[in-house]
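Shown next, in structure tokens, is the structure this report addresses.
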């Protein structure tokens, strides 16, 4: 909360009145006498700083000053007055706990709003993880497509390189990088690399991915599957957040309605103003609750049974959506690994030999047979006592 003064200050640093009394006049410009003998009047603020139109002005000023000092302190954080939606950030905002729920959570007692916030944070984390991974894969595919012609020229052939061939190149490259390693360490890492490449090749085969276009299509399909799930999860979590706010506002409305009703029943201005000043916080909270209920519920009358049923259905739906998103993680992980392998091959330019044709590639099946033979030889060597390890 940002608290600002509503009083002006003169050139000598003295506080000026916050409001002034203004007498109401009739059609003849005369003051109106009430039955009590007092003149009818009302209060007017001397400045309009409390008008809603200035809310964003004050917040922007606070934003500017805060960011200036954060930058001066060398901190990476920045504040922004805009909501996530206005910033274009696909993130579900959490709900305000309130002092009572906050203290209960500090003592380790789970509350309805606390559990809701934990669900929202988990949903945000899952959506951000998948969204970031897919965007990274999409950027990589775009970059890879740009390099395709260079790749074709390097291979001196009129067809696009097969993904499985690029994975074999990665495997060969890793072996070359370990040419001066000891026998045991080299074999151990070769076995690990082979298993990783075999999993990648098996994934390509299972999903019929042979070319960069196939990989591009697979990533696009993955995004098309994940995007509606993320959108629906966000809608569910936002509605659950709204239901929590409705119930919170309804509780405040019911609690403070007697104070509001007493205020309404007071007829004399002086006593009414005095009562309003005495119960300002309660009346402000009541009015805020009314605004929240009208905005989110359309009425101050709340059907708690219907809201509880809707919340339960949304909670189940969100859990199902999160499960579906989590099932996409293996595909995301496999595609990211394939990207890593191919990137290493391209970055090291191991696709062809200088001034000649590309090196002849061995099939993945043949590579498997050779490595299995190496593993068998190593096991035989390991079981022989007092014998040095070698390849």
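What percent do you get for the relative contact order of the range 166-351 when only Cα pairs under 8 Å and 6+ apart count?
Over the range 166-351, the number comes to 37 percent.
Taking a cut-off of 24 Å, what percent of all Cα-Cα pairs in the range 8-134 are separated by more than that?
It works out to 66 percent of all Cα pairs.
Enter the Cα centre distance for the pair the range 20-34 and the range 229-277, rounded to the nearest angstrom.
Result: 35 Å between the Cα centres.
Using the Cα atoms of the range 27-72, I'd like the radius of gyration and the largest Cα-Cα distance, Dmax, both in angstrom.
According to the Cα coordinates of the range 27-72, Rg and Dmax are 21.3, 63 Å.
May I ask you to order 55-65, 309-319 by the average number of other C-beta atoms within 10 Å around their residues, highest value first?
309-319, 55-65
Just the Kirkwood number for the range 207-344, please: inverse of mean 1/r across all distinct Cα pairs, in Å, one decimal.
Hydrodynamic radius (Kirkwood, Cα pairs) of the range 207-344 is 19.4 Å.
Please report the spacing between the Cα centers of the range 109-134 and the range 193-215 in Å, no decimals.
Measuring centre to centre over Cα atoms gives 32 Å.
Roughly what would the spin-label model give for residue 50 and residue 343, points 7 Å off Cα along C-beta, in nm?
Here the answer is 5.7 nm between the modelled labels.
With each pseudo-label sitting 7 Å past Cα toward Cβ, what's the residue 225-residue 257 distance in nm, one decimal?
5.1 nm
Going highest first, how would you order 12-25, 114-127 by mean Cβ packing within 10 Å?
In decreasing order of mean packing, 12-25, 114-127 become 114-127, 12-25.
Values quoted throughout were computed directly from the atomic coordinates according to the rules given, and no laboratory measurement underlies them. Every value quoted in this text rests on a predicted model; they were computed, and no experiment measured them. Positions of Cβ are generated from backbone atoms using ideal geometry, with glycine treated the same way; all protein chains shown enter the neighbour counts.
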